[in-house]
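First comes the structure, then the notes that go with it.
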Amino acid sequence: MVKVEELKKDIQAYAKTIGIDKIGFATADIFTEMKERLRRQQELKYQSGFEKGSIEERTEPRRLLPEAKSIISIAVAYPSRMETTPRGTKGDRRGIFARASWGIDYHVALRERLDKLGEYIKDKVPDAVIKSMVDTGELSDRAVAERAGIGFSGKNTSIITKEYGSFVYLGEMLTNIPFIPDSPVEDGCGDCTICLDACPTGAIVQGGQLNAQRCIAFLTQTKDFLPEEFRNKIGNRLYGCDTCQQVCPWNRDKDSHFHQELEPEPELVKPRLKPMLHLSNREFKEKFGHMSGFWRGKKPIQRNVILALGHYKEASAETDLIAVMENDPRPVIRGTAAWSLGKIGTDAAREALSKALEKENHEQVQFEMENALSAMTVK
């Protein structure tokens, strides 16, 4: 029988060889504080709706694995900068995918590492019971990582590590092996409120509390019409938002290039906007299917492309947007194109909006067209 202390050291050493940058061990006890926090989030309607499982499943590990005695938490660092960054210009604007969507889908990258780790543990302890998850599982990756000493939970609700800042992907593994737990890391935010002050929509209500319904990272992934108050604030973001991480002092000079599969492809993570309007489903999948930003499909990305063109008042996209408004079968896309044409505000845009309004039979799209025309009249 392998001694647990020796096994832990062996796992720590092996983890480094398979591309795991930090590993920590925690108990499988109930996350009592987290449970209360989630209940409060639910009461305030601050949840995104993407959460998996009930509050009990998300905070009681043994509901997921009755034999669980420990949780192994892993972190993999990812880049924060590109070696060569394409620049958008007037007439040739570009969008941006958040850093968490650079390289291959991190769910794939972390699952591969967790699978290898699981095989290693099972080889050492054949009767080990294991259940792994990455992001889409019930457990909160951040709560587990905090308990396991990977880093502290910052006011921006990200796990912040001393070595890599908050630019880390997280995953975990429940197991019946009773590992000696690691100690949590002391909070490092202090009196700093830079992330709260910088959040474009005020989504960080207070240190450690996020209203996901106002968070741009969440809003870019929704599929419906975006509420008016957020449309300009999204800027040229196509998927996700990095603002609260970019401004964090812990992330200053943190830029990890350890894993080739996580390196950004500049033309994909900062794509030209106008060509994005005309991608078929197949073309979209072929181009972006390996990225985590693909998971919600083409529609929200294209909606965000249209918002970005309106944000820039990009007159060179006028013909493209008119074609989208007149021909696209999706009401959200037609209506958002109308909004952007209103922002561009040319005579041609006004004429196209008036003609399209006469034929449009979708109530929300009609509303968008009327609003766009009214805004142009005010100008």
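Kindly indicate the residue of segment 357-379 that is of a type in the set (Asp, Glu) and within 18 Å of Lys343 (Cα to Cα) and also nearest to the chain's Cα centre (by Cα) among those meeting that condition.
Taking the candidates together, the pick is Glu368.
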Quiz item: For Ala13, all conditions in the list (1) touching a residue at least 12 places away in the same chain (Cβ under 8 Å); (2) small (Gly, Ala, Ser); (3) out of contact with any helix residue (DSSP H, G or I) (no Cβ under 8 Å at 6 or more places or on another chain) hold save one; what is the number of the exception?
Solution: (1)
Practice problem: Residue by residue through segment 315-331, note down the ones that are more than 30 Å from the chain's Cα centre (by Cα) and either loosely packed, with under 14 Cβ neighbours inside 10 Å or in a loop (DSSP other than H, G, I, E, B) (or both). | Solution: Thr319, Asn327
Quiz item: Of the numbered conditions (1) exposed (fewer than 14 other Cβ atoms within 10 Å of the Cβ); (2) in a strand (DSSP E or B), Asp224 satisfies every one except a single condition; which is it?
Solution: (2)
Quiz item: List the pairs whose first member sits in segment 292-305 and is at pLDDT 95 or above, whose second member is of a type in the set (Lys, Arg) and surrounded by fewer than 24 Cβ atoms within 10 Å (Cβ to Cβ), and whose Cβ atoms are under 6 Å apart, counting only residues at least 6 apart or on separate chains?
Solution: Lys299/Lys223; Pro300/Lys223
Quiz item: Looking at Thr27, Thr32, which one is of a type in the set (Ser, Thr, Tyr) and either within 20 Å of Ala77 (Cα to Cα) or modelled with pLDDT under 95 (or both)?
Solution: Thr32
Exercise. Among the numbered conditions (1) surrounded by fewer than 18 Cβ atoms within 10 Å (Cβ to Cβ); (2) outside any loop (DSSP other than H, G, I, E, B), tell me where Ile121 comes up short.
Key: (1)
Quiz item: Quick one: Gly289 ticks every box in (1) closer than 20 Å to Glu229 by Cβ; (2) surrounded by fewer than 19 Cβ atoms within 10 Å (Cβ to Cβ); (3) of a type outside the set (Lys, Arg); (4) under 24 Å from the mean Cα position of the chain (by Cα) bar one, so which box is it?
Solution: (1)
Quiz prompt | Positions within segment 68-105 being over 25 Å from Asn304 (Cα atoms), part of a loop (DSSP other than H, G, I, E, B) and not charged (D, E, K, R), in sequence order | solution = Ala68
Quiz item: When the residues of segment 24-37 are filtered to those that are of a type in the set (A, V, I, L, M, F, W, C) and touching a residue at least 40 places away in the same chain (Cβ under 8 Å), which remaining residue is surrounded by the fewest Cβ atoms within 10 Å (Cβ to Cβ)?
Solution: Met34
Quiz item: Is there a residue being buried (at least 19 other Cβ atoms within 10 Å of the Cβ), charged (D, E, K, R) and under 24 Å from Thr201 (Cα atoms) anywhere in segment 264-282?
Solution: yes
Quiz prompt | Selection from segment 306-317 of residues that are at negative phi and touching a helix residue (DSSP H, G or I) at 6+ places or on another chain (Cβ under 6 Å) | solution = Ile306, Leu307, Ala308, Leu309, Gly310, Ala315, Ala317
Quiz item: Any idea which residue in segment 53-72 is nearest to Pro178 (Cα to Cα), counting only those that are charged (D, E, K, R) and surrounded by 17 or more Cβ atoms within 10 Å (Cβ to Cβ)?
Solution: Lys69
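The values are calculated or read from the model by the stated rules, or taken from the named source; none is laboratory data. As the structure is a prediction and not an experimental result, all values here were calculated from the model. No Cβ is skipped: glycine too gets one built from the backbone with ideal geometry, and neighbour counts run over all protein chains shown.
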